[in-house]
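To keep things clear, I will list the structure first and then write my remarks on it.
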Amino acid sequence: MAEKLKVAIVCDWLTGYGGAERVVYEIHKLYPDAPIYTSQYDPNKIDWFKDAEVRTTWLQKIPKSLKKFLPVLRAISFSRLDLSDYDLVLSCSGAEAKGVHTGPNTTHICYCHSPTHYYWVRYDEYLKNPGFPRGLNWLAKIGLRILVGPLRSWDHRAAQKPNFLIANSTHTQKMIQKFYGRESTVIFPPVETDRFKLPAKQDLRHGFVVAGRQTPYKRFDLAIDACNELKVPLVVIGDGPDHKRLEKLAGRSVTFLSNVNDNDMAGHFQSALGFIMPNMDDFGIVAVEALASGTPVIAYKAGGSLDYLNPPTNGVYFSEQTPESLQAALEQVMSKSFNYEAVAKSAQKFSVASFSKNIKEFIAKKTK
């Protein structure tokens, strides 16, 4: 029985309340006695694992000056982490954690968020903006060009180590096949749909909302440009390295909110005509949270949104990442009446309960 197995959980890092950490948390709830191995853990920024046995690698103690080299250091660290004493290893990885060492009697199942972005899926974006201090970006670009070959080789070898791969979306499944040459099973990530249930009485909706970490690849600038042109309200929730640039682009109708807690997020979604997802994401949990709030989603037609957006029931697509294409989609939403209950219902198959059920069934099947 899978319940009697000696189990270990592995993840890239635990440093915030992101979608990757949510997956680890739900797996931890299934195996509360299993130790969690990770490169770095900050209990001051995430309290989900206060009752867990979290075992960090030596990277937990490295100086801040070396943190920009973490991809290389994580590859070294995880490849030397020997978990061959366990019957079942569950890795949750979009980076290097999948590269742990396991034995011939270990079943290693990897929940893959994506082939590692900075080696494969978003290599060109990282090469354009490595994220180092401005004076060191040129050096980082040279280093990435030189090292990407051997790092891709390591990452490809690491992706062959798990016995089974789970993809978080059909898009990720295709990327796993493309870059790693491996088959995978799609199990959608857990979304706290119950937290975003529609209120008994709804106020009139107006304007749009976009939320998430403000980085260039998220393309929040498209949402701002389109709403500027239409002169419609836009609420931008979150923060990040692109924040100041976005503020300079914003017109009078754009409002920035950097510190919105989980309890208030549903209210912002439910007061909007629609949630804008202007980038291609591997899945996009925040967009499904918006759907669970009864809020239609306006999404770029690519990536994870293809798994949950079903126009015209719960939103619309735009086909080009241009302000004009997005503007036309926003005008379409403003002219249409949505059934908000039907929109909310479309998110239910992505619930935490569905994730737990599907994961348990998959593990039971693969550990017979």
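Across the range 339-368, what is the total count of residues that are part of a helix (DSSP H, G or I), within 18 Å of G294 (Cα to Cα) and of a type in the set (A, V, I, L, M)?
In the first step, residues of the range 339-368 are kept if they are part of a helix (DSSP H, G or I); the result is 340-345, 348-350, 352-366.
Add one more test, that the residue is within 18 Å of G294 (Cα to Cα), and what stays is 340-345, 348-350, 352.
Within this subset, residues satisfying the condition of being of a type in the set (A, V, I, L, M) are 342-344, 352.
So the count comes out to 4.
Note on the range 250-261: residues that are closer than 15 Å to R219 by Cα and surrounded by fewer than 13 Cβ atoms within 10 Å (Cβ to Cβ) total 0.
State which residue is farthest from L309 (Cα to Cα) when the search covers only the range 151-167 and only residues that are in a loop (DSSP other than H, G, I, E, B) and in contact with a strand residue (DSSP E or B) (Cβ under 7 Å, 6 or more places away or on another chain). Once the filter is applied, the top-ranked residue is K161. Taking the range 175-210 as the range and being hydrophobic (A, V, I, L, M, F, W, C) and modelled with pLDDT under 95 as the test, the residues that pass are F196, L198, A200, L204. Scanning the range 30-50 for residues that are modelled with pLDDT of 95 or more and of a type in the set (D, E) yields a total of 1.
Please enumerate the residues belonging to the range 114-148 that are within 18 Å of G181 (Cβ to Cβ) and modelled with pLDDT of 75 or more.
Within the range 114-148, the subset within 18 Å of G181 (Cβ to Cβ) is 114-116, 119-121, 123.
Across the range 114-148, the qualifying residues are S114, P115, T116, Y119, W120, V121.
When residues in the range 153-174 are screened for being modelled with pLDDT of 95 or more and out of contact with any Lys or Arg (no Cβ under 9 Å at 6 or more places or on another chain), 10 of them pass.
Among L230, L198, L147, L151, which is the only one that is more than 30 Å from N358 (Cβ to Cβ) and in the same structural domain as V286 (by TED's automatic domain parsing)?
Numbers: L198 fails: more than 30 Å from N358 (Cβ to Cβ); L147 fails: in the same structural domain as V286 (by TED's automatic domain parsing); L151 fails: in the same structural domain as V286 (by TED's automatic domain parsing).
Within the list L230, L198, L147, L151, the selection yields L230.
List every residue pair whose Cβ atoms lie under 6 Å apart, where the two residues are 6 or more positions apart in sequence or sit on different chains, the first residue falls within the range 1-30 and is crowded, with 24+ Cβ neighbours inside 10 Å, and the second residue, located anywhere, is among the polar types (S, T, N, Q). From residues that are crowded, with 24+ Cβ neighbours inside 10 Å, the pairs are V10/S91; C11/T38; D12/S93; L14/T38.
I'm trying to understand the selection: among the residues of the range 36-55, which are of a type outside the set (A, V, I, L, M, F, W, C) and buried (at least 17 other Cβ atoms within 10 Å of the Cβ)? So that I can check it myself, show each step before the final result.
Looking only at the range 36-55, we keep the residues that are of a type outside the set (A, V, I, L, M, F, W, C), and these are 37-45, 47, 50-51, 53, 55.
Within the range 36-55, Y37, T38, S39, Q40, Y41 meet the criteria.
From the list I363, I359, I276, I285, the one residue that fits, being of a type in the set (V, I, T) and over 19 Å from Y111 (Cα atoms), is I276.
The values are calculated or read from the model by the stated rules, or taken from the named source; none is laboratory data. Note that this is a predicted model, so its numbers are computed, not measured. For neighbour counting, all protein chains shown are included, and Cβ atoms are generated from backbone atoms with ideal geometry for every residue, glycine included.
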